[in-house]
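Nothing in this text is a laboratory measurement; each read-out follows from the coordinates by a stated rule. The structure displayed is predicted, hence computed values, not measured ones. When we count neighbours, we look across all protein chains shown, and the Cβ atoms used for this are built from the backbone with ideal geometry, even at glycine.
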Amino acid sequence: MSDQHKVVVVTGGAQGIGQCIAEEFRKAGANVCVIDKQQGNHFVGDLADKQVLEQFAKEVIEKHGHVDYLINNALPLMKGIAECSYEEFQYALNVGVTAPFYLAKLFAPHFAEGAAIVNISSSRDRMSQPQTESYTAAKGGIAALTHALAVSFAGKVRVNSISPGWIDTDYKVYEGADAVQQPTGRVGHPMDIANMVLFLCSDKAGFITGENICIDGGMTRQMIYHGDNGWTLEL
């Protein structure tokens, strides 16, 4: 796709999946605005802070005048019910749900024609491991926020979400059980997600909105029973 002169906002874009998404948009010629807590050549700030979000949005609009694509990717805190405090749980929701909502609201008057929002959820929006409540709740929240925004922005902004499964941001190649347990036979990497983000922002996805697309190598589609196909449960 060609994104010459497009303005793209990527939250959590200084590392991992977000960094890959930002780089792919830059390769396509877009102007990319990144916000991240990590220090670097981007807007540095905490997405859980309302004033930070307002200042970031103000700088983006003052510099570029509009936004074409908003990619809500920032990673919420992951803690479980045994250790997660009230404040930590609220913080996870602020980063994972409130910030995407508020950025969409702040940019609402400035979205260009053909604009799109892509929210990064997780396959944990539909399945869980023990002690992951803060992260899982935030990812479930952004998946639901996606279809709500899609309806509210109907005719102006398409809104979709992606639910990644196991994505190794170091591009490590896994063998054995880690790979074979996934129907595709491998662990995912950031480009698997970035490719879908660029597609969902393109005209080729012009009839897609309110959708959540799970990219997990088929893991959430595979039924697992003790003793079936070599699967065993150790108690």
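With the charge dipole of the chain set up from +1 on Lys and Arg Cβ and -1 on Asp and Glu Cβ about the Cα centre, the Cα lying farthest toward the positive end among the listed residues Met219, Val151, Thr98 is that of Val151.
Of Arg221, Arg158, Arg186, the residue with the greatest mean-square motion in the GNM of the chain, using alpha carbon springs below 10 Å, is Arg221.
The modelled label-to-label distance for the pair Lys63/Glu234, using points 7 Å beyond Cα in the direction of Cβ, is 5.0 nm.
Relative to the Cα centre, what is the charge dipole magnitude of the chain, using +1 at the beta carbon of each Lys and Arg, -1 at the beta carbon of each Asp and Glu, and rounding to the nearest 20 debye?
Values: 18 positive and 26 negative charges, 118 e Å.
Using Cβ point charges on Lys, Arg, Asp and Glu, the chain gives about 560 debye.
Reported to the nearest whole Å, the Cα centre-to-centre distance from region 1-55 to region 62-94 is 14. Under the criterion of Cα pairs below 8 Å and six or more residues apart, the relative contact order for the chain equals 18 percent. Straight Cα distances below 18 angstrom link Lys105 to the aspartates and glutamates Asp46, Asp49, Glu54, Glu59, Glu62, Asp68, Glu113, with same-chain residues fewer than 8 positions distant left out. With each label modelled as a point 7 angstrom along the Cα→C-beta vector, the Ala177-Glu113 pair spans 5.6 nm. Extension gain, Trp166-Met127: 0.36 nm per intervening residue step, less the Cα-Cα distance, totals 12.8 nm.
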